[in-house]
1. Please arrange 100, 52, 61 by counting, for each residue, the other beta carbons lying within 10 Å of its beta carbon, fewest first.
2. Would you please give the residues with an amide H less than 5 Å from that of residue 67, counting only those at least 5 places away or on a separate chain, with H modeled from the backbone geometry?
3. So for each of 109-115, 19-25, 91-97 I average, over its residues, the number of other beta carbons within 10 Å; can you give me the resulting order with the highest mean first?
4. Taking the 0 to 90 degree range and rounding to the nearest ten, how far is the long axis of helix 76-88 tilted relative to the main principal axis of the chain, both from C-alpha atoms?
5. Dipole of the range 11-110, Cα-centred, from +1 at each Lys and Arg C-beta and -1 at each Asp and Glu C-beta, to the nearest 20 debye?
6. For residue 42, list long-range residues whose amide hydrogen, built 1.01 Å from N in the peptide plane, is under 5 Å from its own amide hydrogen.
7. Stretch residue 6-residue 37 to full length: gain in nm at 0.36 nm per residue minus the Cα-Cα span?
8. Explain nothing, just compute: Karplus ³J(HN,Hα) = 6.51 cos²θ - 1.76 cosθ + 1.60, θ = phi - 60°, for every residue of the range 100-109 in order, whole Hz, x for Gly and Pro.
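Nothing in this text is a laboratory measurement; each read-out follows from the coordinates by a stated rule. Keep in mind it's a predicted model, so treat the numbers as computed, not measured. Neighbour counts run over all protein chains shown; Cβ positions are idealised from the backbone, glycine included.
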Amino acid sequence: MLDHVDFAVTDLARSRAFYEGALAPLGMSLVVEIDRKDGDGHQGSGFGFADRPVFWIGAGRPPSGRLHVAFAAQSRAAVDAFHKAAVAAGGIDNGAPGLRLRYHPNYYAAFVLDPDGHNIEAVCHSKE
């Protein structure tokens, strides 16, 4: 079981704005900001539910190569709303909302590339 995910992004402000818009339809919001000017210099943004961040982005050199993060959606409508909001927030469509039968009969997902080109997904496994 994962507790949280954290990775660096090229432009923290730009990525924070993207994820604020993209994750809102999934019920996630920005819950923590870190700016340790007097310590190790780390700057980061934590997204999650209430006061518990589960998804972090931070200033720095982003990972190279393939990075794919999939967020659970409570409904197919939430997947649709994620895709629309993520594209409106500057993401690039990487797979419109729809069934992905190659995974299983109820795998309903949408994919968007974030500002650093990482593949971000929202997925619902429920029948509708």
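1. On the way: 100 16, 52 11, 61 8.
Ordered by Cβ neighbours within 10 Å, fewest first: 61, 52, 100.
2. It is 119, by chain and number.
3. Values: 109-115: 22.6, 19-25: 20.9, 91-97: 15.9.
Order by mean packing, descending: 109-115, 19-25, 91-97.
4. Taking the Cα atoms of the chain, the angle to 76-88 is about 50 degrees.
5. Details: 11 positive and 9 negative charges, 84 e Å.
Its charge dipole is roughly 400 debye.
6. Placed amide hydrogens put 36 under 5 Å from residue 42.
7. Details: separation 31, 0.36 × 31 = 11.16 nm, distance 1.93 nm.
Computed gain between residue 6 and residue 37 is 9.2 nm.
8. With the stated coefficients, the range 100-109 comes to 10, 5, 5, 8, 5, x, 10, 7, 10, 8 Hz.
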